[in-house]
Amino acid sequence: MKKRDVIIACDFASAAETFRFLDRFESEKPFVKIGMELYYAEGPAIVREIKRRGHPIFLDLKLHDIPNTVRKAMAVLSRLDVDMCNVHAAGTIEMMRAAREGLTRPDGTRPLLIAVTQLTSTSQERMQRELLVNATMDETIVRYALNTKEAGLDGVVCSPLEAGMVKKACGRDFLTVTPGIRFADGDAGDQVRITTPARAREIGSDFIVVGRPVTAAADPVAAYRRCVVDFVGTM
């Protein structure tokens, strides 16, 4: 797994649809994200099969529960041999520590573990009015990132716009995984805090998560390659 990479969000409803998409990539084995929709539809079998095909996997289930429940759930997920998984930072430092403990295998190894700060569909106005978080978006993201680091996790999910401030607060080795990626000539969809692959690289993203700009493209392979060149600099 590379330090900087493009992760394709395979937000499909079935294994058949997912494999039709992945079969289009004959010469590449892109890093893929398996989210709630696909995992709940197909279960652990879809993870095992995609891994068998040689793809790195980000299992994006965003666990958020009491610490003991999260610890036990992560112990189950640790058997799937994924490369990255996540929790919600809002679950507290104690919950995140429990997640790390549960995810760590008897031999001491574990996948990368990151925490979601605020979803890229959340605006500051909604965060303050609906969630009663009175701090600014930037202050909230940095505090959640610092909590995540204190819990011993590897990084956070944040919008690309916040990656630089997270790096400044938590250090260059603290990972930033950033959805909310759109091409300059693309549609924003339901995302609010977004930017382009090239700008995400400049700000400080380590991994970008790209969904519809690739999966809904007329030529997904070409769109993926465009992302890689824009973000990494070369195929």
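For the residues ALA163, ALA145, ALA99, the requirement of being closer than 29 Å to ARG48 by Cα, in contact with a strand residue (DSSP E or B) (Cβ under 7 Å, 6 or more places away or on another chain) and surrounded by 21 or more Cβ atoms within 10 Å (Cβ to Cβ) singles out ALA99. Considering only residues in segment 180-198 that are closer than 12 Å to SER121 by Cα and at pLDDT below 75, the one that is most open to solvent (accessible area, probe 1.4 Å) turns out to be ASP190.
Condition check ((1) modelled with pLDDT under 95; (2) in contact with a His (Cβ under 9 Å, 6 or more places away or on another chain); (3) farther than 24 Å from MET127 by Cβ) across all residues:
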| site | (1), (2), (3) |
| --- | --- |
| ALA200 | yes, no, no |
| GLY204 | yes, no, no |
| PHE207 | no, no, no |
| GLY211 | yes, no, no |
| VAL214 | no, no, yes |
| VAL221 | no, no, yes |
| TYR224 | no, no, yes |
| MET235 | yes, no, yes |
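Considering segment 4-45, and only residues there that are part of a helix (DSSP H, G or I) and of a type in the set (Ser, Thr, Tyr), the residue that is nearest to VAL229 (Cα to Cα) turns out to be THR18.
When segment 46-58 is filtered for residues that are in a helix (DSSP H, G or I) and either among the hydrophobic types (A, V, I, L, M, F, W, C) or closer than 13 Å to VAL209 by Cα (or both), the ones remaining, listed by number, are ILE46, VAL47, ILE50.
Kindly indicate whether ILE46 is surrounded by 15 or more Cβ atoms within 10 Å (Cβ to Cβ) and at pLDDT 95 or above. Reasoning before the result, please.
Numbers: surrounded by 15 or more Cβ atoms within 10 Å (Cβ to Cβ): yes; at pLDDT 95 or above: yes.
Here the answer is yes, as ILE46 does meet what is asked.
If we scan segment 86-93, do we find a residue that is more than 26 Å from VAL32 (Cα to Cα), surrounded by fewer than 22 Cβ atoms within 10 Å (Cβ to Cβ) and either modelled with pLDDT of 95 or more or under 16 Å from the mean Cα position of the chain (by Cα) (or both)? Yes - at least one qualifying residue is present in segment 86-93.
For segment 55-79, filtering for residues that are crowded, with 18+ Cβ neighbours inside 10 Å, farther than 19 Å from LYS33 by Cα and either touching a Ser or Thr at 6+ places or on another chain (Cβ under 7 Å) or acidic (Asp, Glu) (or both) leaves 0. Evaluate segment 112-121: report whether one residue or more is hydroxyl-bearing (Ser, Thr, Tyr) and open to solvent by less than 30 Å² (accessible area, probe 1.4 Å). Checking segment 112-121: at least one residue is hydroxyl-bearing (Ser, Thr, Tyr) and open to solvent by less than 30 Å² (accessible area, probe 1.4 Å).
Would you call ALA15 surrounded by 20 or more Cβ atoms within 10 Å (Cβ to Cβ) and of a type in the set (Gly, Ala, Ser)? Spell out how you get there, then give the answer.
Working: surrounded by 20 or more Cβ atoms within 10 Å (Cβ to Cβ): no; of a type in the set (Gly, Ala, Ser): yes.
No; evaluated as a whole, the condition is false for this residue.
Condition test on GLU42, is it of a type in the set (Asp, Glu), within 26 Å of THR176 (Cβ to Cβ) and touching a residue at least 24 places away in the same chain (Cβ under 8 Å)? When the stated conditions are applied, GLU42 does not pass them. Of all the numbered requirements in (1) of a type in the set (Val, Ile, Thr); (2) buried (at least 18 other Cβ atoms within 10 Å of the Cβ); (3) part of a helix (DSSP H, G or I), VAL82 misses one, and that requirement is (3).
Looking at segment 204-234, which of the residues that are in contact (Cβ under 8 Å) with a residue 40 or more places away in the chain and in a loop (DSSP other than H, G, I, E, B) is surrounded by the fewest Cβ atoms within 10 Å (Cβ to Cβ)? Looking at residues that are in contact (Cβ under 8 Å) with a residue 40 or more places away in the chain and in a loop (DSSP other than H, G, I, E, B), I get VAL232. Residues in segment 151-174: is at least one in contact (Cβ under 8 Å) with a residue 40 or more places away in the chain, over 28 Å from ALA98 (Cα atoms) and of a type in the set (A, V, I, L, M, F, W, C)? Checked segment 151-174: at least one residue is in contact (Cβ under 8 Å) with a residue 40 or more places away in the chain, over 28 Å from ALA98 (Cα atoms) and of a type in the set (A, V, I, L, M, F, W, C).
The values are calculated or read from the model by the stated rules, or taken from the named source; none is laboratory data. None of these values were measured; they are calculated from a predicted model. So basically every Cβ, Gly included, is an ideal-geometry build from the backbone, and we count neighbours across all protein chains shown. The accessibility values were calculated without ligands, DNA or RNA, using every heavy atom of the protein model including side chains. Shrake-Rupley method; radii C 1.70, N 1.55, O 1.52, S 1.80 Å.
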